[in-house]
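Single-structure report; data block below.
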Amino acid sequence: IMSGVGAEDDIPLGERKTVTDFCYLLDKSKQLFNGLRDLPQYGHKQWQSYFGRTFDVYTKLWKFQQQHRQVLDNRYGLKRWQIGEVASKIGQLYYHYYLRTSETSYLNEAFSFYSAIRQRSYYYQVNKEDRPELVVKKLRYYARFIVVCLLLNKMDLVKVLVKELSEEIEEYTQRFNTEDQLEWNLVLQEVAAFVEADPVMILNDDNAVVVKSNRLQEGGVPQLEPGMVVGQLTLADALIVGNSNNQVKFSELTIDMFRMLQALEREPVNLATQSSKPGTLEPSEKPAKRENPHKYLLYKPTFSQLYTFLSASFKELPANSVLLVYLSATGVFPTGRSEYEGPYDFGGVLTNTNRDVVNGETVQKRNQAQKEMHCLHPGDLYPFTRKPLFIIVDSSNSTAYKNFSNLFGQPMVCLLSPTVYPKSMQDQSQRGSIFTLFLYCPLMGFLSVCGLTSARQGLWEKAQEFLHKVSHDIGQMLTSSRALDQAFLQFYGDEFLRLLMIRFVFCCATLRLHKLFREARSFPESYPQLPKQELLDNSVLQKHILELAAMLDVQNLFTDGMLDNY
């Protein structure tokens, strides 16, 4: 589409070729990008070559418009928002690469493209054009940028972007009087609640909030020591499922999913500083291989979706690898009691249905002998125990999974949340579960159950250092215990699983000493059970917890653990 003063014939051949080549690349890139939607969401291999091709075309397109900007401005009428669209698509590609590979460094790449769009005001002119669909592109860009910033814990920037997005939405709805105003306002409410979800703020000397990352850092895991006999299994795949009815969410992530996915990732490295000069936007090379487990994030899946992803993960699981299944979901309780107590008689957790959920638990009219259909029962996971399986259930009916049988003798562990919390903590459930909080950031979990909503940075760091020592001691207790089931040791060789098991023990021991947690249902459980005397009520561990409580000035909330617990 040539624009220019003279007739088309007056345009030099070279310039005409430039425009034709650009149009070809632009069409090709759109075609490939739209095709990404049709790729299967599961399976490791099918998507890689297609992604690679798409990426190559976008890299060419980006470099091409940089080299020939003048000609494209004059002869094609290239607008700044069109360059913004290309940059936004590259940002989306990197983000999807991250979702597909779990390599956190791709988030930094998505961030640099999204950030450039804002700094260079590529979408600035959009508001002058009388085309609502262009403004929607801009709004969507903001929403995507916010997701990436949340995942990189850039909370200050998120607040700025939310303010900008809010102004954009207001102007958009006033100008075009559109029907999607409610939807966009909901986006704003969701992200605002998401940012406020952390129950504890860390404050520096100027009373500003300090944001800490809780991804796995170098040296963040108690090391294996000589003489520790542990398994060589590696966590290769994780299914992170979120289906809690009233939990804060943004995009397709509940706050529990958001926390758990970070607990299974290493801290990102910045690719830009390694490869190209900072400040130049160049799609980067692939990062060096760092083994993050591959993840599927499933928000409110139906039973069939969940089973499809489980099967795909199971099928592609490499040798000597572990599949982790994390379920944060509303409990589904059995209605009838049958004579025989089997793996389908205890209920389980909710899978999504298009029917309404009444009062948080599903109500269905049916024959008493029938089982709940929209529910992942413990028995549904039996086929997958043919390979090493690590299950975490955070639910009001987590204990349904205590009645597991290990049919095939493969390593298997279930970590199960409390099913009832003390009254004073129940109103917090919207901001995420306390159990998952302990697995994501044990210190935040500890402060939260002690009712502390903020901590000074210096004290936080001192407490973190102390917890590092506690984690080391728990690791030694686990590996030297004579009563511990071997399954725990078989998973202990993997850094992510090691950390989760250590944090689980810390959570159990903390809640067992806490004065408000008095019911057995308020304690986490596991299958196989952990030894109480040697581990959960270990006097050294109890002494550590009381020391931590004293450091934070909350020792009055804990019993002096020498009393017998349940």
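The values are calculated or read from the model by the stated rules, or taken from the named source; none is laboratory data. Keep in mind that what you see is a predicted model, and the values were worked out from it rather than measured. Because the Cβ atoms are built from the backbone with ideal geometry, glycine has one as well, and the counts that use them run over all protein chains shown. We work out accessible area using only protein heavy atoms, side chains counted, and drop any ligands, DNA or RNA first. Shrake-Rupley method; radii C 1.70, N 1.55, O 1.52, S 1.80 Å.
Among residues of segment 18-37 that are more than 18 Å from SER88 (Cα to Cα), those with a Cβ under 6 angstrom from a residue that is part of a helix (DSSP H, G or I), sequence gap 6+ or separate chain, pair up as THR18/VAL71; VAL19/ARG75; VAL19/TYR76.
Among residues of segment 125-151 that are among the polar types (S, T, N, Q), those with a Cβ under 7 angstrom from a residue that is not in a helix (DSSP H, G or I), sequence gap 6+ or separate chain, pair up as GLN125/LYS79.
Picking from GLY348, GLY331, GLY342, which residue would you name as being closer than 19 Å to LEU439 by Cβ and at pLDDT 75 or above? Break it down stepwise before answering.
Working: GLY348 fails: closer than 19 Å to LEU439 by Cβ; GLY342 fails: closer than 19 Å to LEU439 by Cβ.
Every option except GLY331 fails the conditions.
Hey, among GLY77, GLY52, which residue is free of Cβ contacts under 8 Å to residues at least 12 places away in the same chain, out of contact with any Asp or Glu (no Cβ under 6 Å at 6 or more places or on another chain), open to solvent by 10 Å² or more (accessible area, probe 1.4 Å) and small (Gly, Ala, Ser)? Unique residue meeting the criteria: GLY52.
Kindly establish whether THR104 is surrounded by 21 or more Cβ atoms within 10 Å (Cβ to Cβ), touching a residue at least 40 places away in the same chain (Cβ under 8 Å) and β-branched (Val, Ile, Thr). The answer is yes for THR104.
Please go through segment 225-240 and pick out each residue that is part of a strand (DSSP E or B) and open to solvent by less than 30 Å² (accessible area, probe 1.4 Å). Walk me through it before giving the result.
Of segment 225-240, the ones part of a strand (DSSP E or B) are 234-240.
Listed by number, the residues that qualify are LEU235, ALA236, ASP237, ALA238, LEU239, ILE240.
Taken over segment 241-258, residues that are more than 17 Å from SER398 (Cα to Cα) and open to solvent by 30 Å² or more (accessible area, probe 1.4 Å) amount to 4. Give the number of residues within segment 484-520 that are touching a helix residue (DSSP H, G or I) at 6+ places or on another chain (Cβ under 8 Å) and open to solvent by 50 Å² or more (accessible area, probe 1.4 Å). Of the residues in that region, 2 qualify.
Applying the set (1) buried (at least 20 other Cβ atoms within 10 Å of the Cβ); (2) within 16 Å of PHE466 (Cα to Cα) to GLU525 leaves exactly one unmet item: (2). Annotation note: Cβ proximity below 6 Å between a residue of segment 162-176 that is closer than 11 Å to ILE146 by Cα and open to solvent by less than 80 Å² (accessible area, probe 1.4 Å) and a residue that is part of a helix (DSSP H, G or I) and at pLDDT 90 or above (sequence gap 6+ or interchain) occurs for VAL162/VAL191; LEU165/TYR142. Please specify each residue of segment 30-47 satisfying the condition of being open to solvent by less than 90 Å² (accessible area, probe 1.4 Å), not in a loop (DSSP other than H, G, I, E, B) and not aromatic (Phe, Trp, Tyr). Hits for segment 30-47 are LEU32, ASN34, GLY35, LEU36. If you scan segment 396-433, which residues turn out to be within 20 Å of the chain's Cα centre (by Cα) and part of a helix (DSSP H, G or I)? Listed by number, the residues that qualify are SER429, GLN430, ARG431. What about THR436, is it outside any loop (DSSP other than H, G, I, E, B), open to solvent by less than 20 Å² (accessible area, probe 1.4 Å) and among the polar types (S, T, N, Q)? It is true that THR436 is outside any loop (DSSP other than H, G, I, E, B), open to solvent by less than 20 Å² (accessible area, probe 1.4 Å) and among the polar types (S, T, N, Q). Of the residues examined, PRO222 is not one that is surrounded by 19 or more Cβ atoms within 10 Å (Cβ to Cβ), under 19 Å from the mean Cα position of the chain (by Cα) and part of a loop (DSSP other than H, G, I, E, B). Would you pick out the residues in segment 406-430 that are farther than 28 Å from GLU316 by Cα and crowded, with 19+ Cβ neighbours inside 10 Å? Passing the criteria: SER417, PRO418, THR419, TYR421.
Selection within segment 388-405: residues that are of a type outside the set (Gly, Ala, Ser) and surrounded by fewer than 17 Cβ atoms within 10 Å (Cβ to Cβ). The member of this set that is farthest from PRO343 (Cα to Cα) is LYS402. Restricting attention to segment 309-333, the residues that are touching a helix residue (DSSP H, G or I) at 6+ places or on another chain (Cβ under 7 Å), open to solvent by less than 10 Å² (accessible area, probe 1.4 Å) and not in a strand (DSSP E or B) total 1.
Considering (1) free of Cβ contacts under 8 Å to residues at least 24 places away in the same chain; (2) in contact with a Gly (Cβ under 7 Å, 6 or more places away or on another chain), the lone condition that LEU513 does not fulfil carries the number (1). Of all the criteria given as (1) over 18 Å from VAL158 (Cα atoms); (2) surrounded by 22 or more Cβ atoms within 10 Å (Cβ to Cβ), the one not satisfied by GLU109 is (1). Residues that are under 18 Å from ALA400 (Cβ atoms), touching a Lys or Arg at 6+ places or on another chain (Cβ under 7 Å) and at pLDDT below 95: does segment 359-366 have at least one? Scanning segment 359-366 turns up no residue that is under 18 Å from ALA400 (Cβ atoms), touching a Lys or Arg at 6+ places or on another chain (Cβ under 7 Å) and at pLDDT below 95.
Pairs linking a residue in segment 224-242 that is within 27 Å of LYS300 (Cα to Cα) to a residue that is at pLDDT below 90 and assigned to a strand (DSSP E or B), with Cβ atoms under 9 Å and 6 or more positions apart or on different chains, do not occur.
Scanning segment 429-448 for residues that are farther than 15 Å from ALA263 by Cα and touching a Phe, Trp or Tyr at 6+ places or on another chain (Cβ under 8 Å) returns SER429, PHE446.
Would you confirm, using the coordinates I've provided, whether LEU500 is closer than 23 Å to LEU459 by Cα, in contact (Cβ under 8 Å) with a residue 40 or more places away in the chain and out of contact with any Pro (no Cβ under 6 Å at 6 or more places or on another chain)? Write out each step before concluding.
Values: closer than 23 Å to LEU459 by Cα: no; in contact (Cβ under 8 Å) with a residue 40 or more places away in the chain: yes; out of contact with any Pro (no Cβ under 6 Å at 6 or more places or on another chain): yes.
No; evaluated as a whole, the condition is false for this residue.
Do we have ASP156 as buried (at least 18 other Cβ atoms within 10 Å of the Cβ) and farther than 24 Å from LEU93 by Cβ here? It is false that ASP156 is buried (at least 18 other Cβ atoms within 10 Å of the Cβ) and farther than 24 Å from LEU93 by Cβ.
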